[in-house]
Amino acid sequence: MVKYTVLLWLVCLHVTIYAQKPTHYYVHIKTNGGEAILKLYNETPKHRDNFYKLVKEGYYDSLLFHRVIKNFMVQGGDPDSRYAADRVMLGNGGPDYRIPAEISANLIHKKGAIGAARDNNPAKQSSGSQFYLVQGRKFSEAGLDSLETFRFKGKKLSDLQRRIYGSIGGSPHLDGEYTVFGELIAGLEIVDALADVPTDAYDRPLVNERMAMDLLTRREAINLERVEQGLEPKAGFFTKIFDSLKSPYYKL
């Protein structure tokens, strides 16, 4: 009887651990100015899956943040930047496809958001690889009123926009124009560090600012979400055993 009880307990434990899956994809970003964790939004699946794929392939490793504008954003993801000579204008490289726009009124350009760069195409389709991290700035109530009157020609900001841009800050004039597909949930200070570097006439940093990215593993992502829920991360003997039986990558 004891043998069957232990066997049943092990089976239940196996099913519980084996079935666990994170709710989101997460990316570990490394820069000269520090490290950060990026959460990709499920509300923008095309952008999420494309970014996941490129990170998994190592696409972004050693690329430059080639365009930096303080109090606005830092941009990267141009594959031509990997071996680019100094003082060369960048920003035209990328895969030979675009991503359909996934613009949402609820996904806004707050500080730490990641948005997809694009050219002037009327459908607002995104570049296949280029992105930007928002720095922006905080706005007073009067500043937001001024935006509504002059920048937005009388169009009212939502309660969400007013609350976020007044407390966290960001770049509200980009809302509705570019797809926001994630946000930094740790290491927000890297945006300030990158945005503060000296730049040339093309807004390219005078000293190359390179990036590296990797995906959080299934266990790392699960434990991150457990901590966010106020739970202890799991790293015990049985957890390690069952994790070893499953790929560290996961699909949503």
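Quick notes
- Where a residue in segment 93-107 is touching a residue at least 60 places away in the same chain (Cβ under 8 Å) and its partner, wherever it lies, is assigned to a loop (DSSP other than H, G, I, E, B) and hydroxyl-bearing (S, T, Y), with Cβ under 6 Å and at least six apart: A101/T179; E102/T44; E102/T179; I103/T179
- Scanning segment 60-107 for residues being within 27 Å of G170 (Cβ to Cβ), in contact with a Gly (Cβ under 8 Å, 6 or more places away or on another chain) and of a type outside the set (A, V, I, L, M, F, W, C) gives a total of 10.
- For segment 30-87, a residue qualifies if it is among the aromatic types (F, W, Y) and under 12 Å from the mean Cα position of the chain (by Cα), and the qualifying residues are Y41, F51, Y52.
- Residue in segment 97-155 that is nearest to K39 (Cα to Cα), counting only those that are β-branched (V, I, T) and in contact with a helix residue (DSSP H, G or I) (Cβ under 9 Å, 6 or more places away or on another chain): I114
The rows are residues; the columns are (1) polar (S, T, N, Q); (2) under 23 Å from A212 (Cα atoms); (3) in contact with a strand residue (DSSP E or B) (Cβ under 6 Å, 6 or more places away or on another chain).
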{"site": "M73", "(1), (2), (3)": "no, yes, yes"}
{"site": "R82", "(1), (2), (3)": "no, yes, no"}
{"site": "M89", "(1), (2), (3)": "no, yes, no"}
{"site": "D119", "(1), (2), (3)": "no, no, no"}
{"site": "S140", "(1), (2), (3)": "yes, no, no"}
{"site": "L147", "(1), (2), (3)": "no, no, no"}
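Here is a yes/no grid of residues against (1) buried (at least 16 other Cβ atoms within 10 Å of the Cβ); (2) modelled with pLDDT of 95 or more; (3) in contact with a strand residue (DSSP E or B) (Cβ under 6 Å, 6 or more places away or on another chain):
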{"position": "P22", "(1), (2), (3)": "yes, yes, no"}
{"position": "Y25", "(1), (2), (3)": "yes, yes, yes"}
{"position": "K30", "(1), (2), (3)": "yes, yes, yes"}
{"position": "E35", "(1), (2), (3)": "no, yes, no"}
{"position": "K39", "(1), (2), (3)": "yes, yes, yes"}
{"position": "T44", "(1), (2), (3)": "yes, yes, yes"}
{"position": "N50", "(1), (2), (3)": "yes, yes, yes"}
{"position": "V55", "(1), (2), (3)": "yes, yes, yes"}
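- Residues that are without any contact (Cβ under 8 Å) to a residue 40 or more places away in the chain and either under 23 Å from E228 (Cβ atoms) or part of a loop (DSSP other than H, G, I, E, B) (or both) do not occur anywhere in segment 60-81.
- Candidates A235, A221, A193, A212: the one that is surrounded by fewer than 19 Cβ atoms within 10 Å (Cβ to Cβ), out of contact with any Asp or Glu (no Cβ under 7 Å at 6 or more places or on another chain) and either of a type in the set (S, T, Y) or at pLDDT 95 or above (or both) is A193.
- Hits in segment 138-166 - residues which are surrounded by fewer than 12 Cβ atoms within 10 Å (Cβ to Cβ) and of a type in the set (S, T, Y): S140, T149
- Filter result for L206 (among the aliphatic types (A, V, I, L, M), buried (at least 16 other Cβ atoms within 10 Å of the Cβ) and modelled with pLDDT of 95 or more): no
- Within segment 205-234, the set of residues being outside any strand (DSSP E or B) and within 30 Å of R82 (Cβ to Cβ) comprises L206, V207, N208, E209, L216, T217, R218, E220, A221, L224.
The values are calculated or read from the model by the stated rules, or taken from the named source; none is laboratory data. Quick caveat, the model's predicted, so the values are computed rather than measured. Glycine gets a Cβ as well: all are built from the backbone with ideal geometry, and neighbour counts include every protein chain shown.
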